[in-house]
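Asks: This structure is in structure tokens; I'll ask about it shortly.
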Amino acid sequence: MEVIVIGAGIGGILGALTMKSLGYDVFIFERGARIGGCATTFVKEGFRYNAGATTLPGLKPGFPMYRLLTLFRMQDKVKSTLLLEDLIVEVSFTPERSFCIFSDSERTCEEIARLFPGKGHKKFFAFIERTTKDILTTPVEYPLNGGRFSPWMVLKAVSKPQGLKLLPYLALIKKGALSLLSSFYDSVPSELLSYFRAQTMIVGQVELEKANALAFALSLGYFFTGISHCLRGVGGFLEALAREVPIRLNSQVERVKKKNRGYVVHIKDGKLYAQNVLLSIPILENLSMFSSNQDIVKHFSRFTPKLSPYSAFVVYGRMKRKALENFKAKHALIITDEHQNGWTSGYLYVSLLEQENPDFVTFTISTHTPLKLWNALNKDKIKEMKTLLESRIVDTLIKRYSLDPNDIVEVFSATPYTFKRYVNRFSLGGFTASTDTPIWSIPNNFTPFKGLYLTCDHAFAGQGFMGIALGCLNLYQGLKG
Ligand SMILES: Cc1cc2nc3c(=O)[nH]c(=O)nc-3n(C[C@H](O)[C@H](O)[C@H](O)COP(=O)(O)OP(=O)(O)OC[C@H]3O[C@@H](n4cnc5c(N)ncnc54)[C@H](O)[C@@H]3O)c2cc1C
């Protein structure tokens, strides 16, 4: 076999298609009974629910997902599963106070100025949109090295003709988010600041005070990159892509061992030799699979301290379709002061999914939760906490959107342990994009070991469709030479 891909999440599927585009034969082993990992869409009693990821970004021409789909020649094949969104998310502070984010900065600014009259918005959001576009649409080739970025590599990459445009943005990596804000605003209204906090946490995985200015700008620019609604859930989109690659489900890789010029990949009922292995699992949580090759363990171990200390608490539900009338967009970002004694961030990201059955829609509400709190609980306490958080979060949804409680017909939830059981991960993944975690503190898509590559959210450029797509483009460029 030329390439074995381990894991069929976003990283595995996009990674396998990337290798296929380079002419390799690929084969995926997936531990679970379905594909998608954190971006699975599962079916319960005939209704589809997004398990984690709900939002597909980067689909405007030139942005990473658009570029990848073009590379895979898959634009037409996935077209029927996607619908580009214009009105993307309603940011809600109270039942009466909210604003909407559109697919461009201009209309978003008008909305923000309506709620927060004053100067600064236009210039600031134009900067955010321009920065996001420049960074995410400029193809940059990072030279191969021993599996790690370095300031030198980044400098070299941006000093090539096509990367020159990015040179001025390097300064943003060391600058703090708050310092960037102060160059546009004399003072930021407190509600608006709480939106900035929420968005930076959700996209950048980092608290605003610790965020670097680049991560902050990209977090706010996220909705300007071309967000698509996935009609059959994000899993439906991934399933359409996955038809192009052979996958064996229910096949957990237990061990990987270097042999000759390749790797022996062990699953429960056998083993397979491959010249190349693409790791598309949360690798930093699964280093024991390389116990026979301590050099590999050692290489990755140095990155683990920078992993996100958060996981997700997710509430799923089904409600009568008429409740949709109370929502302005398919996504809502509810900002509350209720942190449940530190168990949640207080930021609830709500996504609605329409169903084939026209009488109902399902929803997914996710929030950050600190891993260390869950690690300290026994089984009974986990159950207790799950029930408590679930009911409080649904209560907030009902109050914020003036819903009739009888319209919500089903509710259940997932803790970090649910994610561990289904997709073998605790940490949300990705890296906190803080001023002391610049890009060179995370693993590259290449490793110092011949034929061993990474496309997952534990590698460049971090989490979600956008980060993983950038990683795949980097891998493609590097292997193409
Ligand atoms: C609640 C939540 C909401 C999110 N929302 C968004 C969003 O809206 N948009 C967005 O872009 N991103 C979002 N993200 C982030 C995004 O979902 C993840 O970054 C991304 O799905 C990670 O993909 P991955 O392929 O790296 O890993 P995973 O999704 O973890 O996939 C890894 C796969 O490998 C399998 N596996 C693990 N171990 C083995 C093994 N030993 N052998 C074989 N298979 C194995 C797992 O079963 C899994 O299928 C969200 C994440 C969460 C948790």
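Asks: For the ranges 222-235, 287-300, 161-174, what's the packing order if you count other beta-carbon atoms within 10 Å of each residue, average per peptide, and put the highest first? If you can, show how the numbers build up before the last one.
Replies: Working: 222-235: 23.0, 287-300: 15.9, 161-174: 13.7.
My ranking of the peptides, most packed first, is 222-235, 287-300, 161-174.
Asks: Now, a different point. Of Y185, P151, F125, which is farthest on the positive side of the dipole of the stretch 121-222, counting Cα position, with +1 on Lys and Arg Cβ, -1 on Asp and Glu Cβ, and the Cα centre as origin?
Replies: Checking the options against the dipole of the stretch 121-222, the answer is P151.
Asks: Just want to confirm a number: the relative contact order over the stretch 121-222, from Cα pairs under 8 angstrom separated by 6+ residues, in percent. Intermediate results must be reported in sequence, preceding the final value.
Replies: Details: 99 pairs, mean separation 32.5, N = 102.
Taking the mean separation of contacting Cα pairs over the length of the stretch 121-222, I get 32 percent.
Asks: Let me ask something else about it. Dipole of the chain, Cα-centred, from +1 at each Lys and Arg C-beta and -1 at each Asp and Glu C-beta, to the nearest 20 debye? Can you show the working numbers first?
Replies: On the way: 58 positive and 41 negative charges, 329 e Å.
Around 1580 debye, computed over the chain.
Asks: Rounded to the nearest whole Å², what accessible area per residue is found for the chain with the 1.4 Å probe?
Replies: 41 Å²
Asks: Using Cα positions and a limit of under 19 Å, work out the lysines in reach of K156, with same-chain residues fewer than 8 apart set aside.
Replies: Once the sequence-local lysines are set aside, what remains near K156 is K165, K174, K480.
Asks: Still on this structure, I have one more. Helix-derived [θ] at 222 nm for the chain: sum -39500 (n - 2.57) over DSSP H runs of at least 4, divide by residue count, nearest 500? The partial results should precede the final answer.
Replies: Details: 16 runs with 165 residues, N = 481.
Counting only the DSSP helices, I get -10000 deg cm²/dmol.
Asks: Sticking with this one: Output the peptides 124-136, 250-262, 3-15 sorted from most to least packed, where packing is the average of other Cβ atoms within 10 Å over each peptide's residues.
Replies: Numbers: 124-136: 19.1, 250-262: 15.7, 3-15: 29.2.
The most tightly packed comes first, giving 3-15, 124-136, 250-262.
Asks: Less than 12 Å apart at the alpha-carbon level, and either on another chain or at least 8 residues along: which aspartates and glutamates does that give for K20?
Replies: Correct list for K20: E2, E244.
Asks: Looking at the stretch 405-481, what % of the alpha carbon pairs are farther apart than 21 Å?
Replies: Working: 1315 of 2926 pairs.
Of all Cα-Cα pairs in the stretch 405-481, 45 percent lie more than 21 Å apart.
Asks: A follow-up question, please. Along its principal axes, what span do the Cα atoms of the stretch 310-423 show, with the longest given first and each in whole Å?
Replies: That gives 42, 30, 21 Å along the principal axes, largest extent first.
Asks: Cβ neighbours within 10 Å, averaged per peptide: list 28-40, 330-342 in order, most packed at the top.
Replies: Values: 28-40: 23.0, 330-342: 17.2.
Highest to lowest by the protection proxy: 28-40, 330-342.
Asks: While we're on this one: What is the sum of charges around T137, taking Lys and Arg as +1, Asp and Glu as -1, for the other residues whose C-beta is under 14 Å from the C-beta of T137?
Replies: With Lys, Arg at +1 and Asp, Glu at -1, the neighbours total +3.
Asks: With a ≥ b ≥ c the root eigenvalues of the C-alpha gyration tensor of the stretch 72-143, is it rounded (a/c under 1.5), prolate (a/b larger than b/c) or oblate? Numbers along the way, then the final one.
Replies: Values: a/c = 3.30, a/b = 1.47, b/c = 2.25.
It comes out oblate by the Cα gyration axes.
Asks: First compute the accessible area of the chain with a 1.4 Å probe, then give the percent of it belonging to carbon and sulfur atoms.
Replies: Numbers: 10510 of 19840 Å².
Here carbon and sulfur together make up 53 percent of the probe-accessible area.
Asks: Straight-line reach from K330: which lysines have a Cα under 23 Å away, not including same-chain ones fewer than 8 places off?
Replies: Leaving aside lysines fewer than 8 places away in the same chain, those within reach of K330 are K44, K60, K79, K320, K322, K399.
Asks: Taking the Cα centre as origin and putting +1 on Lys and Arg beta-carbons and -1 on Asp and Glu beta-carbons, what dipole magnitude results for the stretch 118-264, to the nearest 20 debye?
Replies: It comes to approximately 700 debye.
Asks: Report, in order of residue number, the helices in the chain meeting two criteria: a C-alpha extent of 30 Å or more along the helix axis, and a mean Kyte-Doolittle hydropathy of at least -1.0; treat each whole DSSP H run as one helix.
Replies: Details: long enough: 379-400 (32 Å, -0.62).
Both cut-offs are met by 379-400.
Asks: With N set to the number of residues, divide the alpha-carbon radius of gyration of the stretch 121-222 by 2.2 N^0.38 Å and report two decimals. Don't skip to the end; give the middle numbers.
Replies: Numbers: Rg = 14.6 Å, N = 102, 2.2 N^0.38 = 12.8 Å.
Dividing the Cα radius of gyration by 2.2 N^0.38 Å gives 1.14.
Asks: So, one more: With every protein chain in place, what's the accessible area of L373 (1.4 Å probe, Å², nearest 10)?
Replies: For L373, solvent-accessible area is about 50 Å².
Asks: Something else about it: What is the chain by shape, rounded, prolate or oblate, if you read a ≥ b ≥ c off the alpha carbon gyration tensor as root eigenvalues and call it rounded for a/c under 1.5, prolate for a/b larger than b/c, and oblate otherwise? Intermediate values should be presented prior to the final figure.
Replies: On the way: a/c = 1.59, a/b = 1.22, b/c = 1.30.
Here the chain falls in the oblate category.
Asks: Which whole-Hz couplings ³J(HN,Hα) result when phi for each residue of the stretch 254-260 is put into the Karplus expression 6.51 cos²θ - 1.76 cosθ + 1.60, θ = phi - 60°, listed in order with x for Gly and Pro?
Replies: Those phi angles translate into 9, 8, 10, 10, 5, 8, 6 Hz.
The values are calculated or read from the model by the stated rules, or taken from the named source; none is laboratory data. Note that the structure is a prediction, hence the values are computed from the model and not measured. Note: ideal-geometry Cβ built from the backbone for every residue, glycine included; neighbour counts use all protein chains shown. The protein model used for the area step is the full one, side chains on, heavy atoms only, and it has no ligands, DNA or RNA in it. Shrake-Rupley method; radii C 1.70, N 1.55, O 1.52, S 1.80 Å.
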